[in-house]
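**Student:** My questions will all concern the structure given below.
Computed from the coordinates by the stated procedures, all read-outs in this text should not be read as laboratory data. It should be emphasised that the depicted structure is a prediction, and the values quoted were computed from it without experimental measurement. Please note: Cβ atoms are built from the backbone with ideal geometry, for glycine as well, and neighbour counts cover all protein chains shown.
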Amino acid sequence: INPDLQRERDKCTFNVTELTNFIDGGVINTEERRKREDLLLKEGIHLEEVPSEYLSHKEKYELAVKKACLLFKVIRRMQEEESTGMENFMSVLGGTLGSAILSDGSPLTLHYVMFIPTLLGQATVEQQAYWIGRAFNLDIIGTYAQTELGHGTFIRGLETTATYDPNTKEFVLHSPTLTSYKWWPGGLAHTANYCIVMAQLYTKGECHGLHPFIVQLRDEETHMPLKGIKIGEIGAKLGMNGTNNGFLGFEHVRIPRDHMLMKNSKVLEDGTYVHSLNSKLTYGTMMFVRVVLVQDMCTYMAKAVTIATRYSAVRRQSQPKPDEPEPQILDYVTQQHKLMIGIATVHAFRLSANWLWHMYNNVIAELDTGDLERLPELHALSCCIKAVTTSDAAECVERCRLACGGHGYMLASNLPTTYGMVTAACTYEGENTVLLLQTARYLVKAWQQAAGGNALPPTVSYLSGGEGRRS
Amino acid sequence: PPWDNSVPHILDGFQRVARGKISLCVANIEKRQKSGLCYEDAWNLTSVQLANASEAHCRLILLSTYYSETQTLSQNLSPALRQVLTLLVELYVVYWALQRVGDLLRFTSISERDIERLQRCYEELLARLRPDAVALVDGFDFRDEILHSALGSYDGRVYERLMDEAMKSPLNAKPVNDSFHKYLKPFMQGKL
C-alpha cells in the first residue's frame, strides 16, 4: 500500500465497514453483494487479452456479446443455486458489476432493464405467461423501441403506425417515412430478435395514439431479419460502444392481434378499441427507466470520486512553502472543493433515488387499484430528477477527471469511459431541457390549482405556502 | 423573515426561490398573453425561465430529501459516522446556497455578510471533512476489478499501474513501428 494512502486510512475517524453497510442498506446486503462479486469475478470474464480500447468497433461489439453471454451463464447458475428474484439480473447485468465487466455497455442491458419490465407492466397475464419465461431464459432477446430518427420525447409526434386488419386479425406495422425509423435502442442492431415497438394504433379508420406491440425482428434459428424488417446499427458514438444501438424500419410487417400488449387498452377481434383507464399508463416504462437511471448515476459518480480522491492522496505537487516537500494535492482546498462535493452528491442522489423508487412503487401499486391521483406528480418528479442528476453527474465525473490532471485523460484512469456512460444519460429517456419543461408544465398547473384554493400533492405543497417535502 | 445560515433555514430559502421563480413564470406567461400572444408562444418565450424554475424545484426536492432522509436513517448509526454524514449534508446544502447566491439574494433576506459567513462555513466544513476523505470513498467499497482504474486502485500504486497499462499499447509491441520505414524515413529523406 502506498504510504500516503495508508496514513490517510490510519487517521480516519469512523468505521468504514459501518459506512459500507449503511450505503448497501444493511449488513446482509453488503454480504450478498460481496458474495455476488466474488462469484462473478472468479469466473475471470472481466479479464481481457487485449484491452478493449485497442479493438475495432466491430471487435468491441463481438467481445461485448461474448462477455454478456458468459455473464448470463453465471447468473443462470446463481439463480439455480439460490433461486433469488430479479436482483441478480439487475445488479449483474445493469448495475455496478455489469458496468465493470462490460465497461462500454452491454448489448443485453435493455433486455433486462426495458424489455422484461415492459412485459411485466403492460402485458396481460396470458401474454406474460407466454413471453416472460422465454425472456428470462434468454430463449429470446428483446429490446424496446420508441424514439424515432425524427422524433424524441414528444411521443404524440411518433409516426410508426400499427393498423388493425380485422380480416386476418393482424396488425400491420409500417414506417411511412425515413424520420419514422426507430433510432437508438440498445441491442437492436444485431443482438435482439424481438422488440417492443411503440406505434400509433389505427383501427376502424381511427387513430388511438401510441401503444406497445411485441414484434419479431429476426428468425429464431438463422437470426436473419424477417421480411419487411429494415434493421442495422447506428454507428460509433461518444461512449457506450458495446451497447449495439440500432435502427429499425417496417415495410407493412404483419403481426398477430395478441402481439399488442393489452394490459391497459385492447383491440377486440372485430377491431373495436377498448380504452385504457388512463392513456398515461403506456408511459410507465419511461418512468421506471428514469428512476433506475438516477441509481446508475450514483454508481458512476461514486466510482469517479473514489478514483480522484485516492489519486489525490497519492499525487504530490508544487512547493508552496520553501524547504518543505511537495504536499499531497488533497491538501489543497481547491482539490477538496472538487472532491468533497462529489462525495456528498453521491449520498444525496442515493437517498433521493431510494425515496423516488419507493414513491414509484407506491404509485404503481395505486394504479393497479385504479387510483391515478399521484401519477402526474411522479411523472413530473421523475422528469426533473432524471434531468438534474444526470447533468450533475456528468459535471461531477468531468470535475473528477480534471482533479486528476493529465492522468485523468488516460483511458486507463477509467474516467473518460465513465464520462461517456454518464453523459449519454443526459439525452436518453428525454433530453434534459425537454424534461425540465415537462416538469415546468406540471408546476404551472399546480400553481394555478393553488391559486384556485385547491390542495396540492406533498412535493409541491410549498407553492401554496405549505411545508413541502420536508415535513 | 431574517436570514440565518442553518440548514433548515437555507432549505426554506430554496423553497422561496422555487416558489418565486414559478410565480414569475406564471406572471410572465399571463403578461405575454395579455399583450396578444397565444399561450403556446407565451410559453415558448418564457421557456428559459421555466426550465430554470423546474431546476429550482428539483434542487429543493434533492436538498430537502437528502437532509430529511439522513436525519431519519442515521439515527441508529455510531456517533462518529453520524457526525461525518451530517457534515456532508451541511456541505452539500451550503455549497448549493453559494452556487445559487444570486437567486437567494433575489428571493430571500440573505445579506452580503450572510454570504461571507456561508463561504467561511463552507471552507471550515471542507477542513473538517479532509481527514476522512479517503475513508469516505473506501466506504463505497469498490473492488479494484470493478473500479478498473490505474489511478484509483486500493493500494495506491498509481505510477506503476499507469506504466503497466502503457505497456499494453499495441504500439509498444515492436521497438520500431512499420510506419517509420514506410512513411517517416522516406519523408525525412525527401523521398516521399
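**Student:** Mind checking the full-extension length gain between B:Gln49 and B:Gln33? Use 0.36 nm per residue of separation minus the Cα-Cα distance, one decimal, nm. Could you put the intermediate results ahead of the total?
**Tutor:** On the way: separation 16, 0.36 × 16 = 5.76 nm, distance 1.60 nm.
Result for the pair: 4.2 nm of gain on full extension.
**Student:** Here's something else I'd like to know. For A:Lys42, list the aspartates and glutamates whose Cα falls under 12 Å from its own Cα; do not include residues on the same chain fewer than 8 positions away.
**Tutor:** Straight-distance partners of A:Lys42: B:Glu145.
**Student:** Highest mean first, what order results for B:84-92, B:51-59, A:53-61, A:219-227 on Cβ atoms within 10 Å?
**Tutor:** Values: B:84-92: 21.3, B:51-59: 24.2, A:53-61: 14.3, A:219-227: 10.8.
Taking the mean over residues of other Cβ atoms within 10 Å, the ranking is B:51-59, B:84-92, A:53-61, A:219-227.
**Student:** Using the alpha-carbon centroid of each, what span in Å lies between segment B:1-66 and segment A:229-245?
**Tutor:** Distance between centres, Cα-based: 39 Å.
**Student:** How are the C-alpha pair distances of chain A spread across 20 Å bins, as whole percents from the shortest bin up?
**Tutor:** All Cα pairs considered, the percentages come to 21, 53, 23, 3, 0.
**Student:** Just to be sure I understand the model, the point goes 7 Å from the Cα along the line to the Cβ. What's the resulting B:Asp155 to A:Glu18 distance in nm?
**Tutor:** It is 3.1 nm.
**Student:** Here is a follow-up. So in chain B, which Cys have no other cysteine's beta-carbon sitting under 4.7 angstrom from theirs?
**Tutor:** B:Cys25, B:Cys38, B:Cys121
**Student:** Bin width 10 Å, alpha-carbon pairs only: give the P(r) of segment A:280-339 as whole percents, running from 0 to the bin holding the largest distance.
**Tutor:** Using 10 Å bins, I get a P(r) of 19, 29, 19, 14, 11, 5, 2 for segment A:280-339.
**Student:** With an 8 Å cut-off on Cα pairs and a minimum separation of 6 or more residues, tell me the relative contact order of segment B:1-66 in percent. Can you show the working numbers first?
**Tutor:** Working: 39 pairs, mean separation 28.7, N = 66.
Here the relative contact order equals 44 percent.
**Student:** Which FRET efficiency, nearest 0.05, do A:His57 and B:Arg143 yield, Cβ-Cβ r, R0 30 Å? Mind dumping the intermediate values first?
**Tutor:** On the way: r = 29 Å, r/R0 = 0.97.
With a Förster radius of 30 Å, E is 0.55.
**Student:** When the expected Rg is taken as 2.2 N^0.38 Å, what fraction or multiple of it is the alpha-carbon Rg of chain B?
**Tutor:** Numbers: Rg = 27.1 Å, N = 192, 2.2 N^0.38 = 16.2 Å.
Ratio of Cα Rg to 2.2 N^0.38 Å: 1.67.
**Student:** In whole angstrom, note down how far apart the Cα centers of segment B:156-178 and segment A:121-163 are.
**Tutor:** Between the Cα centres of segment B:156-178 and segment A:121-163 lies a distance of 45 Å.
**Student:** Turning to a different aspect of this structure: Run the numbers for A:Asp258 and A:Asp323: contour at 0.36 nm per residue of separation, minus the present Cα-Cα distance, in nm.
**Tutor:** Values: separation 65, 0.36 × 65 = 23.40 nm, distance 7.98 nm.
Gain in length upon complete extension: 15.4 nm.
**Student:** Under the definition of Cα pairs under 8 Å and six or more residues apart, what whole-number percent is the relative contact order of chain B? Don't skip to the end; give the middle numbers.
**Tutor:** On the way: 121 pairs, mean separation 41.9, N = 192.
Worked out over chain B, it gives 22 percent.
**Student:** Using only the alpha-carbon atoms of segment A:313-368, report the extent along each of the three principal axes, biggest first, to the nearest angstrom.
**Tutor:** In descending order, the Cα extents are 71, 16, 9 Å.
**Student:** In segment A:331-439, which GluC sites (Glu not before Pro) are in a loop and have at most 10 other Cβ atoms within 10 Å, using DSSP for the loop call?
**Tutor:** A:Glu373
**Student:** Let me ask something else about it. Give the list, by residue number, of cysteines in chain A with no other Cys Cβ closer than 4.7 Å, or say none.
**Tutor:** Within chain A, the cysteines lacking a partner Cβ under 4.7 Å are A:Cys12, A:Cys69, A:Cys195, A:Cys207, A:Cys298, A:Cys383, A:Cys396, A:Cys400, A:Cys404, A:Cys426.
**Student:** I would also like to ask the following. Before rounding to the nearest 500, sum -39500 (n - 2.57) across all DSSP H runs of length at least 4 in the protein assembly as shown and divide by the residue total; then give [θ] at 222 nm in deg cm²/dmol.
**Tutor:** Numbers: 22 runs with 342 residues, N = 663.
-17000 deg cm²/dmol, from helical runs alone.
**Student:** Still on this structure, I have one more. If R₀ is 35 angstrom, what is the calculated FRET efficiency for the pair A:Ala129 and A:Glu233, using the beta carbon separation as r and rounding to 0.05?
**Tutor:** Working: r = 33 Å, r/R0 = 0.95.
The calculated FRET efficiency here is 0.60.
**Student:** With a Förster radius of 25 Å, plug the Cβ-Cβ distance of B:Leu105 and A:Lys445 into 1/(1 + (r/R0)^6) and report the FRET value to the nearest 0.05.
**Tutor:** On the way: r = 29 Å, r/R0 = 1.15.
According to the calculation, E is roughly 0.30.
**Student:** Where a Cα-Cα gap under 17 Å defines reach, which aspartates and glutamates qualify for A:Lys386, not counting those fewer than 8 residues away within the same chain?
**Tutor:** Those aspartates and glutamates meeting the cut-off are A:Asp296, A:Glu377, A:Glu395, A:Glu429, A:Glu431, B:Glu55.
**Student:** A 29 angstrom limit on the alpha carbon distance is what I want to check against. Which of A:Lys60/A:Lys182; A:Lys321/B:Lys168; A:Lys58/B:Lys168; A:Lys182/A:Lys263 exceed it? Each step should come with its number before you reach the end.
**Tutor:** Working: A:Lys60/A:Lys182 23 Å; A:Lys321/B:Lys168 39 Å; A:Lys58/B:Lys168 20 Å; A:Lys182/A:Lys263 24 Å.
Long pairs (Cα-Cα over 29 Å): A:Lys321/B:Lys168.
**Student:** Cα to Cα, under 24 Å, and not fewer than 8 places away if on the same chain: which lysines meet these conditions relative to B:Lys34?
**Tutor:** A:Lys445, B:Lys21
**Student:** Just tell me how shielded A:332-345 is by partners: mean number of partner chain Cβ atoms within 10 Å of each residue's Cβ, no decimals. Please report the intermediate quantities before stating the final value.
**Tutor:** Working: counts 0, 5, 1, 3, 8, 5, 0, 6, 13, 8, 1, 10, 14, 6.
Partner Cβ neighbours, averaged per residue: 6.
**Student:** With a point put 7 Å past each Cα toward its Cβ, work out how far A:Gln79 is from B:Ala173 in nm, to one decimal.
**Tutor:** Result: 3.9 nm between the two label points.
**Student:** Can you tell me which of A:127-140, A:196-209 comes out highest on packing, and rank the rest after it, using the mean Cβ neighbours within 10 Å? List each step's numbers first, then the result.
**Tutor:** On the way: A:127-140: 15.3, A:196-209: 18.1.
The most tightly packed comes first, giving A:196-209, A:127-140.
**Student:** At 25 °C and 0.890 mPa s, what whole-number value in µm²/s does Stokes-Einstein give for the translational diffusion of segment A:149-308, with Rh from the Kirkwood sum over Cα pairs?
**Tutor:** Working: Rh = 17.2 Å.
Answer from the Stokes-Einstein relation: 142 µm²/s.
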